[in-house]
Amino acid sequence: MTNKQYSRWKDFALRMARTCYRTSRRPPVDWIVAQVEGIFERVEQDDICCIRDWDHSDDYPPGHPYHRQAGYWYCRQDPATCTSGDVAHGTHCRGGLHYRFASAPLVGDLVNSMLSYEEPVFCDKDGEPLDDDRADVAGEQWGEQWGGPVLCCIRAGLDMASAPSAGVIGFTAGDIRAMYPGGVPDWVFPPGERLSYWPGGEPDGYFTKLPDAAVVVL
């Protein structure tokens, strides 16, 4: 990923958060935007060049300060509460050790790690923590409702700016146009590029010809 692609990714993700979720209440739009901004705060400048897509990051290249610097060192913090080493700076804190990997952290891991710290403790009506099975169900529901918008914004932006993977659906051509009131830039949907959309009609079409109600694949 280049710095230009990174800027486009961030711009798209934040526009989607502010526009497509502007009427959201649970979670509120301000919370969604804050989480999206938080993800980009955790993307290290030195890691941008290694980001390929949601599930893949390349090794640090020759000349990079982290090239072949995989290893480990002892953590000075309580491993039960340490968050500074968790994914940030290409490291993970595990049992009091910080492990650095030869490749940059995965975007999906960054997002899931951050959301895990936002997930509440689930309790019953009497304020008692739920047992493991019910907590797992509640966690899945929370992840879909609260984490889902954040995942969509980050992944859709990454797909459009750098690595198309058709990983996000459910947004319409009208949503994208609302995100860019001055005109959707060519890097989002290049002129002449045919794309899949729903519902009905021909399976492919040009973005400029799609009705606002057409659901596009991002």
³J(HN,Hα), Karplus 6.51/-1.76/1.60, whole Hz, each residue of the range 178-193, x for Gly, Pro: 5, 5, 10, x, x, x, 5, x, 4, 6, 6, 10, x, x, x, 7
message: Take Thr19 and Arg194, extend 7 Å from each Cα along the Cα→Cβ direction, and tell me the distance between the two endpoints in nm.
response: 2.6 nm
query: When the chain is fully extended, how far beyond the present Cα-Cα distance does Lys125 get from Tyr206, taking 0.36 nm per residue of separation?
result: 24.0 nm
- request: Grab the beta carbon distance between His64 and Tyr117, set R0 = 30 Å, and tell me the FRET efficiency rounded to 0.05.
  value: 0.60
task: Provide the gained length on full extension for the span Lys4 to Glu41, in nm with one decimal, where the gain is 0.36 nm per separating residue minus the Cα-Cα distance.
output: 11.7 nm
field: For the range 135-217: relative contact order, % (alpha-carbon pairs under 8 angstrom, 6 or more apart)
entry: 30 percent
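Bear in mind that the values in this text are calculations on the coordinates, not laboratory data. Predicted model only: the values in this text are computed from it and were never measured. With ideal geometry, Cβ positions are generated from the backbone for all residues, glycine too; neighbour counts draw on all protein chains shown.
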